[in-house]
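The structure under discussion appears below in the form of structure tokens.
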């Protein structure tokens with residue numbers, strides 16, 4: 001067994017996910033709906049981000065018109081969500097994507113940057129709309145919670161115990177922010193770069209790091 005496999009043998013693949021959702025400044029929506037659903041695949045054994053990725057814009061039904069704040073923050077345009085698919089269809093398409101790329105049957109886990117995506121947003125929208133969620137989306141690793149402290153950004157103040165955000169993790173690893181921050185697909189690719197760099201430094205993503213969503 002090669003050294004890469006010895007160091008990182010809990011998962012065959014890391015699936016990096018970063019949703020974008022409907023939002024309004026200083027307003028809590030009754031149902032915050034996913035409007036961008038991306039998944040980037042990282043091959044652990046070969047330590048590479050695969051060229052194939054999953055990406056759909058989702059058409060919201062509770063608040064179908066995006067706010068100006070949401071469009072400015074995410075870069076997502078009204079016509080993109082108008083031409084999108086439903087969340088239920090996206091979940092079916094994700095299962096098909098995983099099957100077609102032979103990920104179902106392998107060992108994988110989702111990686112998120114925070115607990116919002118799989119611990120909050122998907123759970124709440126699914127409960128609100130009575131949508132069944134695949135079992136494989138009910139556990140994940142929050143990369144912010146496991147990010148090694150030796151790579152925290154240099155400007156982190158002494159006594160500041162907040163976890164680093166995506167930009168901070170990139171800075172701590174001397175990586176460049178690519179694309180538009182708060183674009184789901186761009187953020188997923190940036191988080192994948194963080195995970196890949198950690199793997200290359202010998203960091204191991206293990207099963208004990210996973211959080212579980214009860215829904």
Worksheet item: Modelled label-to-label distance, residue 132 and residue 89, 7 Å Cα→beta-carbon offset: nm?
Response: 2.0 nm
Worksheet item: Binned at 5 Å from 0, what are the whole-percent values of the Cα-Cα distance distribution for segment 42-107, short to long?
Response: 4, 14, 19, 18, 14, 13, 11, 6, 1
Worksheet entry | Equivalent ellipsoid semi-axes - Cα gyration tensor, the chain, angstrom | 28, 22, 16
Worksheet item: Percent antiparallel among DSSP beta bridges with both residues in the chain, to the nearest 5?
Response: 65 percent
Worksheet item: Can you give me the relative contact order of segment 61-215 as a percent, contacts being Cα pairs under 8 Å and 6 or more apart?
Response: 26 percent
Fill in: Separation between Cα centres of segment 170-206 and segment 54-77, rounded to whole Å
24 Å
Response to the item:
So, with points 7 Å from each Cα along the Cβ direction, the residue 26-residue 79 label distance in nm works out to 3.3 nm
Discussion item. Compute the angle between helix 87-100 and the longest alpha-carbon principal axis of the chain, please, reported from 0 to 90 degrees and rounded to the nearest 10.
Written reply: 40 degrees
Item to complete: Return 209, 169 ranked ascending by Cβ neighbour count within 10 Å, so the fewest neighbours appear first.
Response: 209, 169
Discussion item. Considering the Cα positions of segment 121-174, please state its Rg to one decimal place and its Dmax as a whole number of Å.
Written reply: 16.1, 45
Worksheet entry | Relative exposure of 22, 71, judged by other C-beta atoms within 10 Å (fewest first) | 71, 22
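FYI, it's all coordinate maths here, none of it is from the lab. Just so we're clear, the structure is a prediction, and the values are computed from it rather than from any experiment. Glycine gets a Cβ as well: all are built from the backbone with ideal geometry, and neighbour counts include every protein chain shown.
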